[in-house]
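Participant: Next up is a structure, given as structure tokens.
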Amino acid sequence: MMLLRLSIVFLVGLLFTCFASSASVWASSNVVNVGVLAHRGVDACIHTWSPTIRYLSEQIPGHEFQLLPLDLDGMSAAIEQGKVGFVLTNPCNYVELERRYSITRIATLRNLRHGNPYTQFGSVIFVRADRHDLHSLADLKNRSFGAVDKAAFGGFQMAWRELKDAGINPFKDLADIQFLGFPQDNIVLSVRDGKIDAGTVRTDILERMAADGQIKLGDFRILNQQTSEKFPFYHSSRLYPEWAFAKTRLSPERLAETVAIALLKMSENHPAAVTGKHAGWTVPLNYQPVHELFMDLEIGPYQKLDDISLVGLMRQYWYWLVPVLVIIVLSIFHNILVNRQVTLRTRELSQTNYALE
């Protein structure tokens, strides 16, 4: 029985060590990693956001904040492995991480566009102005369409939702979808040059290209055009909140409050804001519209169960599966040892009875 007890104590201790190690390391270190989505590459991420990370180190004595550029998969892995205390990411990725890892937003970006700050954005769907056969989203059936990527929030998913509301399944009803990636300018130029019938990009791309002399706005027609108060850019979709700065479960509440205050204090003419091309930060917006988009399209955290692979489920719910698996292994190991002890004891009793007889 002593062997059984020692085995159980060892395994329980090992399990506790695995779960507590990341928290103990975090508590003993003053280095705070901030995972930032590098959607335009590592170099661009470092250039854009390094001043903001340095700003936090200057504003919060006793803590050294470090930038950790990550892609979408890397962002999830960093949170799973306890490598980041905060994350800065787009609203699409934020909602997935919020539902999967319970991260909490503490500030929303005030993006600077044409000299003015905006906390929301959308997407615009457009065709050439001389395409007299294309006046509504329904007219796009059996036409070619350009976008950034299937997983791009402003570069496809916003438009996907509007197409769905118009009765169009982009993966079945369009003649072709071309995912052209970044820069989004390529989508605009492809429509202008007649290479594709229609396209979608993030709001303000058309206005910026026109201001730079690359295109003429009069050469394009906006489909499903919307009007929103205090939002001057062409848009075909609903508006959604900007990028979110969020804390992970590893970050103490007191530190998160201090970081939030520091971000809200940043002025729009601060070097960090100027380099990042934004106007500082505001209180966290409501990201429910992003949840509603995901639910409507049945993607992201609301993806249909029959579309999710076993590997995907294991990656998504590993923090529940690991303890269950450990408990199962412990139970099996316990039963094996108990059965062995019972067998040995039975054999000893049989031999004793035989000797007595």
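Participant: State the percentage of accessible surface on the chain attributable to carbon and sulfur atoms; use a 1.4 Å probe and exclude ligands, DNA and RNA.
Facilitator: Exposed carbon and sulfur together represent 55 percent of the surface.
Participant: Find, among the chymotrypsin sites (Phe, Trp or Tyr not before Pro) in region 162-237, those assigned to loop by DSSP (not H, G, I, E, B) with at most 16 other beta-carbon atoms within 10 angstrom. Working shown, then result.
Facilitator: Values: sites: Phe171, Phe179, Phe220, Phe233, Tyr234; in loops: Phe171, Phe233, Tyr234.
Counting only loop positions with at most 16 other Cβ atoms within 10 Å, the chymotrypsin sites (Phe, Trp or Tyr not before Pro) in region 162-237 are Phe171.
Participant: Could you state the accessible area per residue of the chain in Å², with a 1.4 Å probe and every protein chain left in place?
Facilitator: Working: 18910 Å² over 357 residues.
Ligands and nucleic acids excluded, the figure is 53 Å² per residue.
Participant: Here's a follow-up. Which whole-number percent gives the relative contact order of the chain, counting Cα pairs below 8 Å spaced six or more residues apart? Spell out each step's value before the answer.
Facilitator: On the way: 546 pairs, mean separation 81.4, N = 357.
About 23 percent, as a whole number.
Participant: Name the residue from Ile196, Pro117, Ser236 whose Cα lies farthest towards the positive end of the charge dipole of the chain, charges +1 on Cβ of Lys and Arg and -1 on Cβ of Asp and Glu.
Facilitator: The listed residue farthest towards the positive side: Pro117.
Participant: Just order 266-278, 240-252 by mean Cβ neighbour count inside 10 Å, highest at the front, would you?
Facilitator: Descending packing order for the listed peptides: 240-252, 266-278.
Participant: May I ask you to order 336-342, 288-294 by the average number of other C-beta atoms within 10 Å around their residues, highest value first?
Facilitator: Those peptides, ordered most packed to least, come out 288-294, 336-342.
Participant: Taking the Kirkwood radius as the inverse of the mean 1/r across Cα pairs, report the Rg/Rh of the chain.
Facilitator: With Rg and the Kirkwood Rh in hand, the quotient comes to 1.16.
Participant: Work out the charge dipole of the chain with +1 on the Cβ of Lys and Arg and -1 on the Cβ of Asp and Glu about the Cα centre, then indicate which of Thr282, Ala107, Leu349 is farthest towards its positive end.
Facilitator: Leu349
Participant: How much of the DSSP bridge set in the chain is antiparallel, in percent, rounded to the nearest 5?
Facilitator: 60
Participant: Considering all alpha-carbon pairs of region 136-183, what whole percent are spaced by more than 18 angstrom?
Facilitator: 20
Participant: Please identify the helices of the chain, taking whole runs of DSSP H, that span at least 30 Å along their own axis as judged from the Cα atoms and have a mean Kyte-Doolittle score of 1.6 or higher.
Facilitator: 2-28
The values are calculated or read from the model by the stated rules, or taken from the named source; none is laboratory data. The shown structure was predicted, so the numbers you read here are calculated from the model rather than taken from an experiment. Ideal geometry is used to build each Cβ from the backbone, glycine not excepted, and the neighbour counts take in all protein chains shown. Areas reflect the complete protein model, heavy atoms only, side chains present, ligands, DNA and RNA absent. Shrake-Rupley method; radii C 1.70, N 1.55, O 1.52, S 1.80 Å.
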